[in-house]
Every structure is written in structure tokens, then in C-alpha cells.
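In what follows, a structure is listed as C-alpha cells, so that the remarks can point back to it.
The values are calculated or read from the model by the stated rules, or taken from the named source; none is laboratory data. Because the structure is a prediction, the values reported are computed rather than measured. Here the Cβ positions follow ideal geometry from the backbone for every residue, glycine too, while neighbour counts run over all protein chains shown. Accessible surface is based on the protein model in full, side chains and every heavy atom, while ligands, DNA and RNA are left aside. Shrake-Rupley method; radii C 1.70, N 1.55, O 1.52, S 1.80 Å.
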Amino acid sequence: MKSLKIGVIVHGPKIIDSGCAEKIIKILGDYGEVTCRLGGTMGRTAVIDAHMEDIINIEDKLLPSQSINLLSEDNDVLFLLNYGKSIITGHTFGYKVLNNAGKNINLIQIERPFEEDGVIIQWNDFKNESLINDLSKRLHLKVISSIEAINTVRELTGFNEVEGTVKRKVAGVSPGENIMMNGIIIGKVTDNHLTIIARNNEIIKMVGGEIKKHGVEKLGQVDLTKAIIKTGLLRTTDNIKPRSIKHVPNKHLKAVFLNHAAEDIYKYNFADVLVSIGDDTTLLSSDILYRFNIPIIGITDGDLDKVVLKGFKLDESLIIQLPSGYDDKVGAWIHEKIFNNEESIEIRSIDNLKEKVLNLIDKSGLKFKIVDKQL
């Protein structure tokens with residue numbers, strides 16, 4: 001077998017947390033030169049915790065399809081490594097990612113490699129028989145064709161559009177799971193089947209789910225045919241050992257204001273403190289920035305959807321819980337009065353910023369409490 005140029009797209013925390021990504025990348029190194037990129041955002045924390053950022057490129061915030069297009073330019077074959085909740089969600093993910101890439105790409109998916117239903121999927125009509133058969137033996141995974149995978153997917157997913165109304169099926173859901181669209185929680189699953197309905201790019205109804213009105217308002221207009229939808233927890237591993245990376249304070253301390261969970265929180269690792277608005281935004285910010293030793297000041301109202309199984313918080317962080325519905329209002333006041341409507345400001349000290357925030361809330365007359373931890 002000739003030496004190959006191999007591109008690897010790693011998606012999601014579980015493929016990394018399980019140790020599968022590291023194992024497979026090492027095996028692929030026996031067949032040629034390997035270049036790895038992350039596809040998606042939630043796997044980035046797992047890459048950092050696993051000390052794999054020198055192996056898997058996490059510098060850019062790219063969708064899986066974007067990573068595929070980038071790596072397809074100068075590689076002979078691409079591998080998509082994923083660990084879906086079920087074989088249905090895994091197949092669906094690969095199918096949609098390839099469609100979004102919009103190219104005839106030599107893509108092989110390795111799905112749920114530590115499970116009995118784990119498979120290797122050859123998505124396009126390129127011939128990689130000797131490579132796939134060899135990997136099948138080494139990984140103890142059966143090989144299926146794209147036709148077999150697509151047949152699994154088509155009945156359970158997809159969308160139809162009639163006169164501005166779009167209905168989109170979401171595969172592999174379970175009652176009680178959060179529904180996240182483009183990084184914002186917009187509802188909760190109530191059945192084993194979910195269909196989301198939008199009219200004129202606004203979510204109006206769910207069959208098999210309950211709408212979270214505040215989340216849909218935050219989301220605003222959205223193209224349901226292209227939206228990124230996830231259900232359940234973003235990271236499910238329960239024995240996480242978070243990494244600690246030394247933070248060097250800025251010469252003039254910087255505070256950043258964040259009011260949107262879909263933002264790329266990693267880009268704020270230059271800050272000395274971050275003020276986050278909303279329960280899930282605060283949970284994610286606290287969990288991610290914990291790795292960089294950056295404390296947060298979180299403004300919440302107790303409406304936590306629990307997007308990760310376990311979140312981490314620095315002792316220096318401050319989480320303030322207000323009456324229901326007041327986190328956004330107080331956030332707007334903080335942004336105006338303390339941040340002067342800017343994204344970042346220089347501060348005298350973190351304690352001084354905490355004092356300013358607490359004084360502002362105190363003057364409003366609202367009752368509040370300090371929360372030790374959210375989870």
C-alpha cells in the first residue's frame with residue numbers, strides 16, 4: 001500500500017474523551033502523513049483536557065463541513081471520527097456533513113468505534129478497499145456502504161418546504177433532552193420523534209417537543225434547512241479531569257462582556273475576567289475558562305437547561321442569581337453602566353468589578369443570592 005496523505009476531522013468530545021481519537025490517529029499514521037483538524041466547537045475542551053492540541057488543530061472555529069473542505073484540498077483520503085449518541089445520530093451526522101461540504105470527497109467515517117454497533121462507512125465511490133479492510137481488522141469494526149447508511153437516515157431525518165413553511169425531522173432524540181439550535185437552547189424533547197416547524201425563517205411549532213419561548217426569541221430568524229441542531233448534553237463524560245493552563249494577566253486588566261452562548265468563548269482566553277449573562281452561557285463560560293484560569297462573573301436567574309454533565313468553576317468566580325426573567329435586564333444595565341456598551345473594558349481589579357456589579361444590582365432593589373455552583 002502506497003504512503004498516503006491523510007486528513008482527519010475529529011468531531012465531538014466523546015471520541016476524544018473515550019481515547020478513540022488518539023488510538024485511531026496513531027493507527028492511521030502507519031499508512032502515511034496525517035493532518036488533523038477539529039470539526040465543531042465542543043470538542044475543543046476535550047482536546048485541551050487530553051493535551052492533544054499539538055495533534056488536532058483547534059485554532060479555528062470551523063464546522064465539520066468546513067474542516068472537510070479545507071483538508072480535501074491536499075489529501076488523498078479523509079477520515080471523519082465521530083461518536084454519536086446512537087448509530088442513527090451517527091449516520092445522520094455523516095450524511096449531513098458530507099452534503100454541507102457540497103463536494104465529491106473521498107470520505108471515510110469511523111463511527112462509535114468502542115460500541116458493538118460501531119461501523120466504518122465509505123461515503124463516496126472512491127475505492128479504498130485494502131485500506132478499509134485493514135482498518136476493519138485492526139479496529140474490529142464492520143464496513144458498510146453509503147447506500148446502507150443513507151437508507152438508515154432518510155426515513156428518520158430530512159425536511160420539506162412548502163410556501164415558506166419548513167418542517168425538519170431530527171433523528172435519535174429522547175424525551176427530556178434539550179434542543180439546541182445554532183448554540184441556543186430553544187426547547188425540550190417530549191417524544192422519541194421530533195419535528196421542528198418554521199415559517200418565514202421563524203420557529204413556530206414542534207411536534208414531539210416543547211418550545212422555550214425565550215430561547216426562540218434569542219435565536220431570531222433562522223434558515224431551518226441549514227441550522228445546526230443538537231439534542232441532549234454537549235459533553236457526557238462523567239470522569240473529566242480538567243486541564244489547568246497558566247494565565248498571565250494583562251498589564252492593564254481586561255474584562256469582557258458576553259451575552260450569547262453561541263459565541264466562541266475560547267476567543268476570550270486573553271481576558272482577565274468575563275461577565276456572562278444567562279444560566280447556560282454562565283455554565284459554559286465558567287467550564288471553558290476554568291481551563292485558562294480566568295474567573296467569571298455570572299448573571300443568572302435559575303433557568304438552567306444543563307448543557308454539560310458537570311461544569312467547573314474557579315473559586316474566584318462569582319455567580320449571582322436573580323429573580324426569574326431578570327438576568328437579561330440586569331445584563332443590559334451592566335453592559336450600559338459599567339461597560340459603556342463596549343465588549344471589553346480595562347478594570348482596576350477583579351474585586352473592584354465585582355463590587356461595581358453587586359452595587360448596581362443592589363441599587364435596583366432586586367433580591368439576589370450568590371450561588372456556590374450551578375451543578
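Within the range 38-82, the set of residues being touching a strand residue (DSSP E or B) at 6+ places or on another chain (Cβ under 8 Å), among the polar types (S, T, N, Q) and within 23 Å of Trp123 (Cα to Cα) comprises Ser65, Gln66, Ser67, Ser72, Asn75, Asn82.
The requirement of being touching a Leu at 6+ places or on another chain (Cβ under 6 Å) and touching a residue at least 60 places away in the same chain (Cβ under 8 Å) is not satisfied by Ile27.
Here Gly32 clears all of (1) buried (at least 20 other Cβ atoms within 10 Å of the Cβ); (2) in contact (Cβ under 8 Å) with a residue 40 or more places away in the chain except the condition numbered (1).
Across the range 6-29, the number of residues qualifying as touching a Gly at 6+ places or on another chain (Cβ under 7 Å), open to solvent by less than 20 Å² (accessible area, probe 1.4 Å) and more than 16 Å from Pro242 (Cα to Cα) comes to 4.
Restricting the first member to the range 276-288 and to residues that are over 12 Å from Gly215 (Cβ atoms), and the second to residues that are among the aromatic types (Phe, Trp, Tyr), the beta-carbon pairs closer than 6 Å and six or more apart or on different chains are Asp287/Phe312.
Looking at Phe114, Phe93, just one residue is farther than 24 Å from Ala227 by Cβ and either among the hydrophobic types (A, V, I, L, M, F, W, C) or surrounded by 22 or more Cβ atoms within 10 Å (Cβ to Cβ) (or both), and that residue is Phe114. Of the residues making up the range 56-69, those that are buried (at least 19 other Cβ atoms within 10 Å of the Cβ) and farther than 17 Å from Ile228 by Cα are Ile56, Ile58. Among strands (runs of 3 or more DSSP E) entirely within the range 127-223, having at least 1 residues that are free of Cβ contacts under 8 Å to residues at least 40 places away in the same chain singles out 142-145, 158-162, 165-170, 184-189, 194-199, 202-207, 209-211. Scanning the range 100-119 for residues that are closer than 13 Å to Leu78 by Cβ and either of a type in the set (A, V, I, L, M) or not in a strand (DSSP E or B) (or both) yields Ala101, Lys103, Asn104, Ile105, Asn106, Leu107, Ile108, Ile110. The set of residues from the range 299-322 being over 30 Å from Lys246 (Cβ atoms) and at pLDDT 95 or above comprises Gln321, Leu322.
Of the residues screened, Val162 is not one that is at pLDDT 90 or above, among the aliphatic types (A, V, I, L, M) and either open to solvent by 30 Å² or more (accessible area, probe 1.4 Å) or on the phi > 0 side of the Ramachandran plot (or both). Is it fair to say Val143 is surrounded by fewer than 18 Cβ atoms within 10 Å (Cβ to Cβ), under 30 Å from Lys127 (Cβ atoms) and touching a Ser or Thr at 6+ places or on another chain (Cβ under 6 Å)? For Val143, the condition - surrounded by fewer than 18 Cβ atoms within 10 Å (Cβ to Cβ), under 30 Å from Lys127 (Cβ atoms) and touching a Ser or Thr at 6+ places or on another chain (Cβ under 6 Å) - is met.
A single member of Val308, Val275 is under 22 Å from Lys85 (Cα atoms) and aliphatic (A, V, I, L, M), and it is Val308. Pairing residues of the range 353-375 that are open to solvent by 50 Å² or more (accessible area, probe 1.4 Å) with residues that are modelled with pLDDT of 95 or more, at Cβ distances under 6 Å and at least 6 apart in sequence or on separate chains, gives Lys356/Ile338; Phe368/Ile320; Phe368/Leu322; Phe368/Ile361; Lys369/Gln321.
Screening Asn104 against (1) in contact with a strand residue (DSSP E or B) (Cβ under 9 Å, 6 or more places away or on another chain); (2) free of Cβ contacts under 8 Å to residues at least 60 places away in the same chain; (3) surrounded by fewer than 20 Cβ atoms within 10 Å (Cβ to Cβ); (4) not basic (Lys, Arg) leaves a single unmet condition, (1).
Filtered by the rule that a residue be more than 20 Å from Thr165 (Cα to Cα) and either of a type in the set (Asp, Glu) or surrounded by fewer than 17 Cβ atoms within 10 Å (Cβ to Cβ) (or both), the range 215-238 gives Thr236, Asp238.
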